[in-house]
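Participant: Below is a structure I'd like to ask you about.
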Amino acid sequence: MSIPGRRVVERLRQPAYTGPNRCLPCTVLNVGIALALAAVVVAATTPPAGAAVLAVGLAAIYLRGYLVPGTPELTKRYLPDRVLRWFGKAPALPDPGETVDVEAYLLEAGVLVDPPEAEDLELADGVAGEWEERIASVREAPAAAAGDVLDLDEPGVEDRENATVVTEGGLAVADWPSRPALLADLGAVGLLADRDPDWATRGHEEQGRILAGLRLFVERCPDCGAEPELGEDTVESCCRRAQVYTYSCPDCGARLLEIEQ
Ligand SMILES: [Zn+2]
């Protein structure tokens with residue numbers, strides 16, 4: 001491709017909606033629209049004209065992430081969670097009683113206690129200190145620790161716009177709402193492995209649910225040491241908008257946990 005041609009391509013390219021930021025529901029919806037448009041053109045004129053329309057449409061989707069302007073806004077507003085979940089865009093709904101399961105597990109493991117005089121569950125004696133020590137031991141090299149936990153050969157940790165991502169050879173394999181949230185979980189893994197002989201055999205999804213449940217009990221921000229607070233927020237991603245409860249650090253702003261209302 002000539003240099004001017006490449007410039008045009010670069011100008012058309014919208015990194016906000018392509019590459020790692022490409023929104024699958026938006027892309028599928030727009031490919032469907034491009035196919036429908038091409039079919040209309042074929043019916044009205046000739047197959048080559050339809051093919052040309054389809055080619056232009058697919059090129060636009062490839063470069064810009066979408067064909068119809070405003071698609072991310074449209075899917076945010078109109079695509080039901082059920083459809084988004086199918087694309088992995090909506091958070092998995094907790095199963096009935098799931099929260100209770102995680103709490104029961106953490107009580108059984110001796111990580112949490114339910115003191116009769118307290119309203120809420122709390123960390124068992126000594127757990128907060130042990131957890132903080134474990135967090136301190138992974139803080140300087142979270143990639144290596146994540147590599148051990150997730151069994152990765154070329155682990156990396158990247159801070160992206162709204163997430164901290166663990167990568168394998170540069171490709172994202174798992175994400176957390178912030179770096180402190182990742183540190184909390186890396187510290188908690190050792191805590192749980194010491195108390196649960198079956199920890200290593202549990203699936204990553206189950207481990208993830210347990211770790212997220214436990215994260216709500218971290219008493220100090222794993223990064224700056226401030227006391228995290230509960231709050232509420234509206235979160236927007238490429239194609240959805242939701243009201244969430246948050247557990248985040250008031251000082252550095254790191255979000256530790258986000259639960260959809
Ligand atoms: Zn903080």
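Participant: Scan the range 99-117 for residues that are open to solvent by less than 30 Å² (accessible area, probe 1.4 Å) and either farther than 22 Å from GLU205 by Cα or part of a helix (DSSP H, G or I) (or both) and jot them down.
Facilitator: VAL102, LEU106, PRO115
Participant: Also: If you take the residues in the range 236-261 that are touching a Cys at 6+ places or on another chain (Cβ under 6 Å) and closer than 30 Å to LEU29 by Cβ, which one is nearest to the ligand (Cβ to nearest atom)?
Facilitator: So, considering only residues that are touching a Cys at 6+ places or on another chain (Cβ under 6 Å) and closer than 30 Å to LEU29 by Cβ, the one nearest to the ligand (Cβ to nearest atom) is CYS238.
Participant: Kindly establish whether ALA181 is farther than 23 Å from PRO20 by Cα and open to solvent by less than 40 Å² (accessible area, probe 1.4 Å).
Facilitator: no
Participant: On to the next question. Of all residues being surrounded by 12 or more Cβ atoms within 10 Å (Cβ to Cβ) and at pLDDT below 90 in the range 226-235, which is nearest to the ligand (Cβ to nearest atom)? Just the residue, please.
Facilitator: Here the residue is ASP233.
Participant: Shifting gears a bit: Filtering the range 187-225 down to residues that are at pLDDT 90 or above and open to solvent by 80 Å² or more (accessible area, probe 1.4 Å), which residue is nearest to the ligand (Cβ to nearest atom)?
Facilitator: Filtering the range 187-225 for residues that are at pLDDT 90 or above and open to solvent by 80 Å² or more (accessible area, probe 1.4 Å), the one nearest to the ligand (Cβ to nearest atom) comes out as ASP223.
Participant: Six or more apart or on different chains, Cβ under 7 Å: which pairs go from a residue in the range 16-36 that's free of Cβ contacts under 8 Å to residues at least 60 places away in the same chain to one that's surrounded by 15 or more Cβ atoms within 10 Å (Cβ to Cβ) and of a type in the set (Ser, Thr, Tyr)? Could you list them?
Facilitator: Filtered contacts from the range 16-36: LEU29/THR71; LEU29/THR75; ASN30/TYR66; ASN30/THR71.
The values are calculated or read from the model by the stated rules, or taken from the named source; none is laboratory data. Keep in mind that what you see is a predicted model, and the values were worked out from it rather than measured. Because the Cβ atoms are built from the backbone with ideal geometry, glycine has one as well, and the counts that use them run over all protein chains shown. For accessibility, only protein heavy atoms count, side chains too; no ligands or nucleic acids. Shrake-Rupley method; radii C 1.70, N 1.55, O 1.52, S 1.80 Å.
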